[in-house]
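The values are calculated or read from the model by the stated rules, or taken from the named source; none is laboratory data. Everything numeric here is computed off the predicted structure, so don't read it as measured data. Note that each Cβ is placed from the backbone with ideal geometry, even for glycine, and that neighbours are counted across all protein chains shown. Note: areas computed on protein heavy atoms with side chains; ligands, DNA, RNA excluded. Shrake-Rupley method; radii C 1.70, N 1.55, O 1.52, S 1.80 Å.
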Amino acid sequence: MREKAENKECGNCGAEIICNSKEVEQCFCSKVELSSDTRRFLTKTYFDCLCKSCLESFNQKIESAKSYSFPSGKNEFIEGVHFYKDGNMWVFTELYHILKQSCCGNGCRHCAYGFTKNGRS
């Protein structure tokens, strides 16, 4: 017996999607080609279901992140890449968070993992 698909919102952008998580091989998301790096990244996120556009976008972001390294010292941070300034504060970019490879759970402004100050996205 086939399970009924659910109407949901994309955990990242809020777009309406039809999720078939009970039979994932029948769900649209199983047909989106993702790299193994993107799949590994997504296992660390707080997102529930994601739309095709967001899945493809994360795939591109993870691929482009390979061009950069995580800064190990203050002199390795690149303004506009790893952070930007908001007054006297450094605000870490989404790329910085991807390169960090984990969520700190602080609800950062550009959290790539879908964590908010209220918890899950």
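GNM, the chain, Cα, under 10 Å: largest mean-square fluctuation among Asp48, Asp37, Asp86? So, out of Asp48, Asp37, Asp86, the one fluctuating most is Asp86. Note that the chain, at 20 °C in a medium of 1.002 mPa s, gets a Stokes-Einstein diffusion coefficient of 136 µm²/s from its Kirkwood radius over C-alpha pairs. Each of Ile78, Asn106, Tyr68 was scored by the projection of its Cα onto the charge dipole of segment 63-118, and the greatest displacement toward the positive side belongs to Asn106; charges sit on the C-beta of Lys, Arg, Asp and Glu.
Please state, to two decimals, what the Cα-based radius of gyration of segment 1-71 comes to when divided by 2.2 N^0.38 Å (N = residues).
Values: Rg = 13.5 Å, N = 71, 2.2 N^0.38 = 11.1 Å.
Ratio of Cα Rg to 2.2 N^0.38 Å: 1.21.
Helical runs (DSSP H, four residues minimum) scored at -39500 (n - 2.57) apiece and divided by the length of the chain put the mean residue ellipticity at 222 nm at -6500 deg cm²/dmol. Give the longest segment of the chain that steers clear of GluC sites (Glu not before Pro) in DSSP loops with at most 12 neighbouring Cβ atoms within 10 Å, not counting the sites themselves. So the longest stretch without any such site is 34-121. Simple point charges give the picture: +1 on the Cβ of Lys and Arg, -1 on the Cβ of Asp and Glu, and for the chain a dipole about the Cα centre of about 260 debye.
Between Ala15 and Arg39, what's the calculated FRET efficiency when r is the beta-carbon distance and R0 is 22 Å? Round to 0.05.
0.60
For segment 67-121, what does the alpha-carbon gyration tensor say about shape, rounded, prolate or oblate, given a ≥ b ≥ c as the root eigenvalues, a/c under 1.5 as rounded, and a/b over b/c as prolate? Oblate is the answer for segment 67-121, as a/c is 1.5 or above yet b/c matches or exceeds a/b.
What a 1.4 Å probe finds exposed on the chain is 47% carbon and sulfur by accessible area, rounded to a whole percent.
Relative contact order (percent) for segment 5-80, with alpha-carbon contacts under 8 angstrom and 6 or more residues of separation?
Working: 65 pairs, mean separation 21.6, N = 76.
Across segment 5-80, relative contact order equals 28 percent.
The simple Förster model, with R0 at 41 Å and r as the Cβ-Cβ distance, assigns Ser69 and Cys29 a FRET efficiency of 0.85. Among Gly11, Gly87, Gly107, the residue with the largest mean-square fluctuation in a Gaussian network model of the chain, with springs joining Cα atoms closer than 10 Å, is Gly87.
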